[in-house]
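Trainee: Mind having a look at this structure? Questions to follow.
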Amino acid sequence: MTVPSTVAAAVPGPTPALQRELARRLHKLGRVFDIPALRRDTLPLEQVVQYYEDCHDAYRKYHSAEGAVHMALNDGDRFDPDGFFGQLRRLEAGWGASPPADVLELAFGQGFNLEYLARRHPGTRFHGIDLTPAHQRIAAERVRRAGLTNVVLTGGDFHHLPHADASMDAVFCIEAFCYATDLPRALAEARRVLRPGGRFTLFDGYYTRPLAAMEPNAALAAELVARGMAMDTLQVQAELLAAARAAGFVPAEPVALDAAVMPSLRRLERVTGAVIRWPWLGRRALARRSALRGRNILAGYLMRTTVAMGLIGYRQLVLDVPR
């Protein structure tokens, strides 16, 4: 039940051994997937919705039976599903002794986060918005079964929030703001609905530098991680922080959580590695899945190595609104 340390964790970086490992992984994936075709494909927002529609059962089966759709944060080297509450505990720690009156979650997924928070803070009004119809149905049923009266769920796009100006004390998003197709607009909307002194908290994976600044194999692997999760690319941390400043936020120092997600990444690597161990079997397995669901094998098989090499960093970003 402990909150993971806020000390930035060191990663090995692009050592020769990791570079060789990455090359082997890319070679294996190339025997199962048509990598050039995947790279030519573009992924509009409608396909993001379809990705989550196709994958919500798989998330329950292989990732979290409780319905978390984000990484667990664990201390040490062992995976513990209790770590799925790690981001929420960090969020609560930022609230201090007085929880906010109104909290909004962008992209609430299957309702895991809002159920946890609403149970613990009955005096807080929780709001959520999500674009995926399957998520809306699952989360609504979850809230109903829990008998929670302090949660309001809305179907919609976080680029166009239906909430009034200065109506929220806190906004948060866990591993979904990466789907922003218009980053300035999405940041401006979060800024608009926050009251003076409010806070926007993000947990996500970010490129530590632009793809063009990476060597070819590293850039390809980092790109495939994004495409495996139905994105053309991830956000670059420095670029997001610059856009946040331009939107009127005051960013705090980012918190690196790379070590905390490593047990989750190793777990995903084992599951996805089993699919591509024998290429012909991998191709047969993929033929039985939707194309978008099959893509997440790319992310699961490459994320641990790309994080270990420092190409992608898992971060907590805190963006404050001046009083």
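The values are calculated or read from the model by the stated rules, or taken from the named source; none is laboratory data. Keep in mind the model is a prediction, meaning the values are calculated, not measured. So basically every Cβ, Gly included, is an ideal-geometry build from the backbone, and we count neighbours across all protein chains shown.
Trainee: Taking the residues in region 1-42 that are surrounded by 11 or more Cβ atoms within 10 Å (Cβ to Cβ), among the small types (Gly, Ala, Ser) and assigned to a helix (DSSP H, G or I) as candidates, determine which candidate is modelled with the highest pLDDT.
Mentor: 23
Trainee: With the requirement that a residue be without any contact (Cβ under 8 Å) to a residue 40 or more places away in the chain and in contact with a strand residue (DSSP E or B) (Cβ under 9 Å, 6 or more places away or on another chain), what does region 117-140 give you?
Mentor: 117, 118, 121, 124, 125, 126, 128, 129, 130, 136, 139, 140
Trainee: Condition (residue is in contact with a His (Cβ under 8 Å, 6 or more places away or on another chain) and free of Cβ contacts under 8 Å to residues at least 60 places away in the same chain) applied to region 74-91: is it met by at least one residue?
Mentor: Looking through region 74-91, at least one residue is in contact with a His (Cβ under 8 Å, 6 or more places away or on another chain) and free of Cβ contacts under 8 Å to residues at least 60 places away in the same chain.
Trainee: Just checking, how many residues over region 83-119 are on the phi > 0 side of the Ramachandran plot and surrounded by fewer than 21 Cβ atoms within 10 Å (Cβ to Cβ)?
Mentor: The qualifying residues number 1.
Trainee: Quick one: how many residues across region 69-127 are of a type in the set (A, V, I, L, M, F, W, C), touching a Leu at 6+ places or on another chain (Cβ under 9 Å), within 23 Å of residue 166 (Cα to Cα) and not in a helix (DSSP H, G or I)?
Mentor: Qualifying residue count, region 69-127: 6.
Trainee: Please state which one of 248, 205 is in contact with a Cys (Cβ under 9 Å, 6 or more places away or on another chain) and at pLDDT 95 or above.
Mentor: Matching residue, one of 248, 205: 205.
Trainee: Next question. For the condition surrounded by fewer than 22 Cβ atoms within 10 Å (Cβ to Cβ) and either among the polar types (S, T, N, Q) or under 30 Å from residue 33 (Cβ atoms) (or both), what is the one hit in 232, 165?
Mentor: 232
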